Amino acid sequence: MSAKLFEVMKLLESKRIHFTIDRTSPLAVTLTATVVGKRVEISVDEDDMVDVSVFHGDESVEVGMDAVLKAIEEDA
């Protein structure tokens, strides 16, 4: 098991940041953490390589099916 995976998990837990764990491929695990204004995706592979993607945004909420369609459109 990857030492970096546990290092990242302990870091998030020490900062009391909730996260989910997904098995995204046979060789990697992704931890997804959401904090105010951003979502952080941290992938750790079997070689202990750590990759991070940060998605910035705001806390605005849109409602209704039109909002769903707009959110998943490729041009949005």
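Table: residues versus (1) farther than 25 Å from L5 by Cβ; (2) touching a residue at least 40 places away in the same chain (Cβ under 8 Å).
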| site | (1), (2) |
| --- | --- |
| T20 | no, no |
| R23 | no, no |
| L31 | no, no |
| V44 | no, yes |
| G57 | yes, no |
| S60 | yes, no |
| K70 | yes, no |
| E73 | yes, no |
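Give the residue that is modelled with the lowest pLDDT, with candidates limited to residues of region 48-72 that are surrounded by 10 or more Cβ atoms within 10 Å (Cβ to Cβ) and acidic (D, E).
D48
Taking region 1-42 as the region of interest, how many residues are of a type in the set (S, T, N, Q) and under 22 Å from E59 (Cβ atoms)?
The qualifying residues number 3.
Can you confirm whether F19 is under 24 Å from A71 (Cβ atoms) and surrounded by 10 or more Cβ atoms within 10 Å (Cβ to Cβ)?
Judged against the criteria, F19 is a match.
Any idea which of R16, R39 is assigned to a strand (DSSP E or B) and out of contact with any helix residue (DSSP H, G or I) (no Cβ under 6 Å at 6 or more places or on another chain)?
Result of the check over R16, R39: R39.
The values are calculated or read from the model by the stated rules, or taken from the named source; none is laboratory data. On a predicted model such as this, the values are computed, not experimentally measured, just so you know. Every residue, glycine among them, receives a Cβ derived from its backbone with ideal geometry; neighbour counts consider all protein chains shown.
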